[in-house]
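Student: The structure that follows is given in the form of structure tokens.
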Amino acid sequence: MSADMQNIQWFPGHMTKTRRKIQEILPIIDAVAEIVDARIPISSRNPDLLDIIKDKPLMILLNKCDMADPKETAKWIDYYKSLGVSAVPIDCKTGKGIGNFKEMVKTTLADKLEVFKSKGMVGKPLRVMVVGIPNVGKSTFINSIAGKGRVKAENRPGVTRGNQWVTIDKQLELLDTPGVLWPKFEDQTVGERLAFTGAVKDAVLDIELLAVRLIENLKENYPELLIQRYKIEDLEADPYDILCEIGKKRGMMIRGGETDTERAANMLLEEYRNCKIGRISLERVENNA
Ligand code: G4P
């Protein structure tokens, strides 16, 4: 994990400040849009968020869906819907799904818009707080939805100082996460999955061990992609032996004829993160929700 992620564990009040900042601003927020990584929708969440926002309407944005398995993303969307939570897949790099988000805000907050109307406040913009753990794509999302030249970050007098508001259009204002929402980094599986996706750099875990854990996951869930990319001959082999085979096939040898497994591990993780192996989701509704 990155230095920040490690250091944060020595500071017991790490979520207290963010919790307070969010709770201060909540009364003037109409809804919360939580961005998660579509490949790991559970591990990329903050465990305290629901408790912090209480009954404020929540929308889930499954970001980076360009890298996730579309079948699994569709299942996650259905799952959230079954819980009564609006959810939409988005790809902030190309802007795909952003229009759907705007629609979702209006549908989710239809009652609120009615209240505005009945009080003669037609034209009052909806205020949505965008939250998410570091690297999940909050800045990319806000830039993408605001479009070039339309971002207007403001400090509102009378409201908590330092909060950055972005006016999207006459009907919508966004507020970036006030503070940092950390993932559940004390959970090893969560740490591993965040490391697979590159959300957490320089993993505490040994890089070869991380690659072995990724191979285990791929063997179980995407065996055909693993075979296709690396021409694995025996998928039943031990994951470490598979890592050796991958390195060998790529000519990653060290003196003495052994495979350079560290190089192979780095390559494998890099290829996963760059979507070279395929569109792969590492958390499924049936196993993780
Ligand atoms: P944050 O504000 O939540 O911390 O995240 P940020 O927007 O900085 O995004 C983190 C990384 O994720 C960035 O990559 C960004 O380009 C990438 N990203 C965000 N949304 C998407 C998406 O929908 N699809 C894909 N494929 N990537 C996305 P980076 O490597 O840190 O920067 P860069 O290479 O884009 O410059």
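Read the figures in this text as sums done on the coordinates, not as results from a lab. Small disclaimer: the values here were computed from a predicted structure and weren't measured. Heads up, the Cβs are rebuilt from the backbone with ideal geometry, glycines too, and the neighbour counts pull from every protein chain shown.
Student: Enumerate the calculated ³J(HN,Hα) couplings along the range 166-178 in order (Karplus 6.51 cos²θ - 1.76 cosθ + 1.60, θ = phi - 60°), each rounded to whole Hz, writing x wherever the residue is Gly or Pro.
Tutor: Each residue of the range 166-178 in turn: 10, 7, 8, 7, 4, 9, 9, 10, 10, 10, 6, 2, x Hz.
Student: What's the percent breakdown of Cα-Cα distances in the range 58-150 across 5 Å bins, shortest bin first?
Tutor: Histogramming the range 58-150 at 5 Å steps yields 2, 12, 20, 23, 19, 12, 7, 3, 1, 0 percent.
Student: On a full-extension model of 0.36 nm per residue, what is the gain between Ile254 and Thr107, subtracting their alpha-carbon distance, rounded to one decimal in nm? Could the numbers behind the result be given before it?
Tutor: Working: separation 147, 0.36 × 147 = 52.92 nm, distance 5.91 nm.
Between Ile254 and Thr107, full extension yields an extra 47.0 nm.
Student: On C-alpha positions alone, give me the angle between the axis of helix 16-25 and the longest principal axis of the chain, in degrees, nearest 10.
Tutor: 40 degrees
Student: Continuing with the same structure: Limiting things to C-alpha atoms, what are the Rg and the maximum Cα-Cα separation (Dmax) for the range 176-289, in angstroms?
Tutor: 15.2, 54
Student: Output ³J(HN,Hα) for the range 49-59: one whole-Hz value per residue in order, computed from phi by the Karplus curve 6.51 cos²θ - 1.76 cosθ + 1.60 with θ = phi - 60°, and x for Gly and Pro.
Tutor: 4, 4, 5, 6, 8, 6, 9, 5, x, 10, 10
Student: Angle check, please: helix 70-82 long axis (alpha carbons) against the longest principal axis of the chain (alpha carbons), in degrees 0 to 90, nearest 10.
Tutor: It works out to around 40 degrees.
Student: Can you figure out the FRET efficiency of Ala289 with Leu209, using R₀ = 41 Å and their beta-carbon distance, to the nearest 0.05? Spell out each step's value before the answer.
Tutor: Values: r = 27 Å, r/R0 = 0.65.
Rounded to the nearest 0.05, the efficiency is 0.95.
Student: Collect residues whose amide H, placed 1.01 Å from N in the peptide plane, falls under 5 Å from the amide H of Asp69; neighbours closer than 5 in sequence don't count.
Tutor: Distant-sequence amide H within range of Asp69: Ile280, Ser281.
Student: Between Glu262 and Glu233, what is the FRET efficiency for a Förster distance of 22 Å, r being their Cβ-Cβ separation, to the nearest 0.05?
Tutor: On the way: r = 22 Å, r/R0 = 1.02.
With a Förster radius of 22 Å, E is 0.45.
Student: Per 10 Å bin from zero, what fraction in whole % of the C-alpha pairs of the chain is there, up to the bin with the longest pair?
Tutor: Percent of pairs per bin, in order: 6, 26, 31, 21, 11, 5, 1, 0, 0.
Student: What does a probe at Tyr240 reach in the range 204-228, counting residues whose amide N is under 20 Å from the point 7 Å along Cα→Cβ?
Tutor: In the range 204-228, the label zone of Tyr240 (backbone N under 20 Å from the point 7 Å along Cα→Cβ) covers 204-220.
Student: Jot down the radius of gyration and Dmax of the range 184-229, Cα atoms only, both in angstrom.
Tutor: 11.3, 35
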